[in-house]
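This report refers to the structure that appears directly beneath it.
The values are calculated or read from the model by the stated rules, or taken from the named source; none is laboratory data. Worth saying up front: this structure is predicted, and the values here are computed from it rather than measured. Counting neighbours? That spans all protein chains shown, and the Cβs are built from the backbone with ideal geometry, glycine included. Keep in mind that these areas ignore ligands, DNA and RNA; they rest on the heavy atoms of the full protein, side chains included. Shrake-Rupley method; radii C 1.70, N 1.55, O 1.52, S 1.80 Å.
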Amino acid sequence: MKVAIVHNSEEKSKQVTKQLTTLLEQNQIQIDNRQPELVISVGGDGTLLSAFHRFNHLLNEVSFLGVHTGHLGFYTDWRDYELKELVESLCIHHEKSTSYPLLDVRIRFRDGKPDKHFLALNESTIKRGNRTMVGDVFIKDELFERFRGDGLSISTPTGSTAYNKSIGGAVLHPSINAFQLTEIASLNNRVFRTLGSPIVIAHTEWLEIKLQESDDYFVTVDQLDIYQENIASVCYRIADERIHFASYRHMHFWHRVKDAFIGED
Ligand code: NAP
């Protein structure tokens, strides 16, 4: 098996990467940062997001596995003191994998420029400088509402515990093959009206946000900021591709949510 390791800049992650590399080599597992079959991230959920964007051109061939150097994360199953068990399990169970939905993001332009295409693991947002963003929300090509406010967030099920949760979105179990539209500070009064609550959109449906003409929109895809002029609309759907995780251990999802946000009794 060929393994790539992606770590963040913290000293602890660098040390853990060194230990992990030694253990992998001792077990005849090859390090290959170009064409890996398994990508191990060492750091936090943010590091796993970076690893995903580095290797998302190989999604059909690679699985991911996250080692957390702090608390347990949502994409990070293993703790930094469990490296020996991790490597042992790689030698035994490496064929097993679980997969989660990704968000397909397509930016369309007014000036005939080709569309830009991205995959998001957590979410994509649309915002507009310091001015009110105005966008028509189409679901399956039918106008649903005209949104006015700070912006919109469109998240995957596994991204529902990230930015989406901070802006009042629901937490979705990752086995649900759907995506969520959540408002960011919508303007709601006697003149302007939106639904005002997050909505969950099926994998058979798609969303298009048609933007009022302006040059100060910015779109994010996970931790990537994409500033583009002449954006006409942004289209979202569940991607054909999925992210595969090497599932050497399963943890009850709601236990993980409780552990992250509520804590033990
Ligand atoms: P960051 O600002 O360094 O980290 C954001 C925090 O979000 C970290 O604590 C990270 O956990 C956590 N996180 C990432 N994915 C998560 C998930 N699926 N469920 C629960 N928590 C998650 O940013 P970053 O490391 O570059 O990551 C970018 C992500 O940060 C974005 O996709 C967005 O979802 C999130 N974010 C959240 C807010 C907010 O909640 N107000 C604001 C900006 C960005 P670790 O500590 O384990 O890395």
Using alpha-carbon coordinates, inclination of helix 83-93 to the longest axis of the chain, degrees: 90
My understanding is that a pair violates if its Cα-Cα distance is over 20 Å; which of LYS165/LYS210; LYS12/LYS258; LYS12/LYS165; LYS14/LYS258; LYS18/LYS84 do that in this structure? LYS165/LYS210; LYS12/LYS258; LYS12/LYS165; LYS14/LYS258
Calculated [θ] (222 nm, deg cm²/dmol) that DSSP helices of n ≥ 4 give over the chain, each run adding -39,500 (n - 2.57): -5500 deg cm²/dmol
For segment 189-265, which GluC sites (Glu not before Pro) pass both filters: DSSP loop (anything but H, G, I, E, B) and at most 11 other C-beta atoms within 10 Å? GLU213, GLU264
Could you look at the chain and say what percent of its accessible area is carbon and sulfur, using a 1.4 Å probe and all protein chains? 47
Based only on Cα atoms, what mean projected area does the convex hull of segment 118-226 have, in nm²? 6.9
Checking segment 49-156 for GluC sites (Glu not before Pro) in a loop per DSSP with at most 10 other beta-carbon atoms within 10 Å yields GLU95
Please tell me the relative contact order of the chain in percent, rounded to the nearest whole number, where contacts are Cα pairs under 8 Å and at least six residues apart. 20
In terms of the charge dipole of segment 126-265, which places +1 on Lys and Arg and -1 on Asp and Glu at the beta carbon, the residue among ALA185, HIS255, SER160 farthest towards the positive end is HIS255
Ignoring the sites themselves, what is the longest stretch of the chain with no trypsin sites (Lys or Arg not before Pro) in a DSSP loop and at most 16 other beta-carbon atoms within 10 Å? 35-95
Descending accessible area (1.4 Å probe), largest on the left, turns MET133, MET251 into MET251, MET133
Compute the angle between helix 45-55 and the longest alpha-carbon principal axis of the chain, please, reported from 0 to 90 degrees and rounded to the nearest 10. 90
Using alpha carbon positions and the Kirkwood radius, the Rg to Rh ratio of segment 179-220 is 1.00
About the Cα centre, and with charges only on the beta carbon of Lys, Arg (+1) and Asp, Glu (-1), how big is the dipole of segment 174-244? Nearest 20 debye, please. 440
Given charges of +1 on the Cβ of Lys and Arg and -1 on the Cβ of Asp and Glu, with all other atoms neutral, how large is the dipole of the chain about its Cα centre, in debye to the nearest 20? 380
Principal axes of segment 201-259: Cα extent on each, largest first, Å: 48, 26, 22
Pairwise over distinct Cα atoms, reciprocal of the mean inverse distance: report the Kirkwood radius of the chain in Å, one decimal place. 19.7
Of every Cα-Cα pair in segment 56-150, the percent that sits beyond 24 Å: 49
For the chain, give me the percentage of DSSP beta bridges that are antiparallel, rounded to the nearest 5 percent. 80
